[in-house]
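Asker: I have a structure I would like to understand better, so I am pasting it below and will then ask my questions one at a time.
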Amino acid sequence: MVTIRAACLTRKFGELTAVDNLNLQVEEGEIFGLVGPDGAGKTTTIRLLAGILQPTAGDAWVCEKHVVRQSEAVKEDIAYMPQRFGLYEDLTVLENIEFYADIYCVPSGQRPARMARLFEFSGLAPFKKRLARNLSGGMKQKLGLACALIHTPRVLLLDEPTNGVDPVSRRDFWAILYQLLKEKVTILFSTSYLDEAERCKRVGLIHKGRLLRCDVPADIKRQTRCESMEQAFVSTVNENEQQPQ
């Protein structure tokens, strides 16, 4: 089942084309990596899929709902975690999660079980009473993810969630994502860390708003005759720039 679909999706800001005629499909229970450098169009793509931005042209659907015409319905199925998630630093870990439970209208009877589960797999249980401002960068990202998951979304949109996070926290974060995949949560994950592309089922290489290549990481390396994703990305960009526009 296709959970995320974009057809000729385009977004312009004046003279700048941030997302250029993007076509994409992500299957249910898949982790898809949108990989590219800063300014490649990753954030704009995710905001379009989340219904935060409207496209200049093209269409997109999430859980078979149109992101513009059915934007409110789409928001019920997704969790969007931007680069700077809106944690309240003067609230404790528990109070932040409770606050997002209120925002998402999670029934009070369901909250204890959901919170217990989130604390268990995030490892945040010992820090329930700690103020968010006193958490490390990696722990803040885990808390942001826990807040985003409190309403059990079907789709998780993550915008460079491991940017600036230490290697151990990055490993822990990915362990949490793999647990979610077992529950058929669909994850679209953007990153500028090319080594993280290896962790995804499929990746899309994006540059200057254009999706240049989309496939299984091993196949991308085979197609470009490269040993690493970094080399494969450079090869793909060079190949694209040599083609007539």
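Asker: Starting from residues that are over 22 Å from the mean Cα position of the chain (by Cα) and among the basic types (Lys, Arg), keep the ones in segment 104-128 and report whichever is surrounded by the fewest Cβ atoms within 10 Å (Cβ to Cβ).
Answerer: Looking at the filtered set, the residue picked out is Lys128.
Asker: Would you confirm whether or not segment 46-67 contains a residue that is surrounded by 15 or more Cβ atoms within 10 Å (Cβ to Cβ), modelled with pLDDT under 95 and among the charged types (D, E, K, R)?
Answerer: There is no residue in segment 46-67 that is surrounded by 15 or more Cβ atoms within 10 Å (Cβ to Cβ), modelled with pLDDT under 95 and among the charged types (D, E, K, R).
Asker: Also: Could you list, in sequence order, all residues of segment 235-245 that are exposed (fewer than 15 other Cβ atoms within 10 Å of the Cβ), assigned to a helix (DSSP H, G or I) and either in contact (Cβ under 8 Å) with a residue 24 or more places away in the chain or not polar (S, T, N, Q) (or both)? Steps first, answer last, please.
Answerer: Of the residues in segment 235-245, the ones exposed (fewer than 15 other Cβ atoms within 10 Å of the Cβ) are 238-239, 241-245.
Then keep just the ones that are assigned to a helix (DSSP H, G or I); that gives 238-239, 241-242.
Glu239, Glu241 - these are the residues of segment 235-245 that are exposed (fewer than 15 other Cβ atoms within 10 Å of the Cβ), assigned to a helix (DSSP H, G or I) and either in contact (Cβ under 8 Å) with a residue 24 or more places away in the chain or not polar (S, T, N, Q) (or both).
Asker: Mind counting the residues in segment 120-138 that are at pLDDT below 90 and assigned to a helix (DSSP H, G or I)?
Answerer: Result for segment 120-138: 5.
Asker: Can you tell me how many residues within segment 68-82 are under 19 Å from Leu145 (Cα atoms) and either touching a Lys or Arg at 6+ places or on another chain (Cβ under 6 Å) or surrounded by 15 or more Cβ atoms within 10 Å (Cβ to Cβ) (or both)? Break it down stepwise before answering.
Answerer: Our first condition is that a residue be under 19 Å from Leu145 (Cα atoms); within segment 68-82, this holds for 74-82.
Remaining after also requiring either touching a Lys or Arg at 6+ places or on another chain (Cβ under 6 Å) or surrounded by 15 or more Cβ atoms within 10 Å (Cβ to Cβ) (or both): 74-75, 77-82.
Number satisfying all stated conditions: 8.
Asker: Sticking with this one: Grab the strands (runs of 3 or more DSSP E) fully contained in segment 156-231, keeping just those with 3 or more residues being under 16 Å from Thr43 (Cα atoms) and without any contact (Cβ under 8 Å) to a residue 60 or more places away in the chain. First the steps, then the outcome.
Answerer: Details: elements: 186-191, 202-207, 210-215.
Passing ranges: none, list empty.
Asker: Could you list all residues from segment 219-244 that are over 15 Å from Gly36 (Cα atoms) and of a type in the set (Asp, Glu)?
Answerer: Answer for segment 219-244, where residues must be over 15 Å from Gly36 (Cα atoms) and of a type in the set (Asp, Glu): Asp219, Glu227, Glu239, Glu241.
The values are calculated or read from the model by the stated rules, or taken from the named source; none is laboratory data. Just so it is clear, the model here is predicted, and its values are computed rather than measured. No Cβ is skipped: glycine too gets one built from the backbone with ideal geometry, and neighbour counts run over all protein chains shown.
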